[in-house]
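Student: Would you mind keeping the following structure in view while I ask a few things?
The values are calculated or read from the model by the stated rules, or taken from the named source; none is laboratory data. None of these values were measured; they are calculated from a predicted model. As a convention, Cβ positions derive from the backbone with ideal geometry for all residues, glycine included, and neighbour counts pool all protein chains shown. The area values use the complete protein model at the heavy-atom level, side chains included, leaving out ligands, DNA and RNA. Shrake-Rupley method; radii C 1.70, N 1.55, O 1.52, S 1.80 Å.
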Amino acid sequence: MTEPIKVYTIPTCSDCNYAKRFFTEQNVPFTEYNCEENATYAEEVKDLTGKQIVPTIVINNQVFIGFAENLKEISELIK
């Protein structure tokens with residue numbers, strides 16, 4: 001991976017918390033962007049996906065909407 005993973009979140013999102021815990025347990029660096037605290041991040045999500053859904057995860061310019069349903073593919077990318 002060339003740059004840290006971007007994880008767009010809100011505090012009350014269980015899938016967001018699952019993603020953050022997973023990356024931490026795997027010792028994978030990531031940067032969290034809290035869309036609730038900063039509206040700019042929410043706009044970035046909308047620009048990336050056309051929607052406002054969290055978690056939105058960006059790995060090497062690949063965009064994933066949701067974590068659990070993309071776990072297999074994400075796991076492959078972080079190996």
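Student: Which percent, to the nearest 5, of DSSP beta bridges fully inside the chain are antiparallel?
Tutor: Percent antiparallel among DSSP bridges in the chain is about 60.
Student: Multiply the residue gap between LEU48 and LYS72 by 0.36 nm, knock off their C-alpha separation, and tell me the result in nm, one decimal place.
Tutor: Taking LEU48 through LYS72 to full extension adds about 6.5 nm, to one decimal.
Student: Would you compute, for the Cα atoms of the chain, the largest minus smallest coordinate along each principal axis and list the three values in descending order, in whole Å?
Tutor: Principal extents (largest minus smallest coordinate, Cα): 32, 23, 21 Å.
Student: Nearest 10 degrees is fine. How inclined is helix 14-25 to the longest principal axis of the chain, computing both from alpha carbons?
Tutor: With both axes taken from Cα atoms, the answer is about 40 degrees.
Student: Something else about it: Using a 10 Å cut-off on Cβ atoms, rank the peptides 36-42, 63-69, 16-22 from the highest mean neighbour count down.
Tutor: Result, highest mean first: 16-22, 63-69, 36-42.
Student: Within the chain, which cysteines find no other Cys whose Cβ is under 4.7 angstrom from their own?
Tutor: CYS35
Student: Which aspartates and glutamates, on any chain, are close to LYS79 with Cα under 15 Å apart, when same-chain ones fewer than 8 places away are left out?
Tutor: Straight-distance partners of LYS79: GLU3, GLU25.
Student: Can you tell me, using C-alpha contacts under 8 Å and at least 6 residues apart, the relative contact order of the chain as a whole percent?
Tutor: Relative contact order, the chain: 36 percent.
Student: While we're looking at this one, here's another question. Over the chain, give the accessible area per residue in Å² for a 1.4 Å probe, as an integer.
Tutor: 60
Student: Still on this model: Accessible area, 1.4 Å probe, largest first: how do LYS46, LYS6, LYS72 sort?
Tutor: LYS72, LYS46, LYS6
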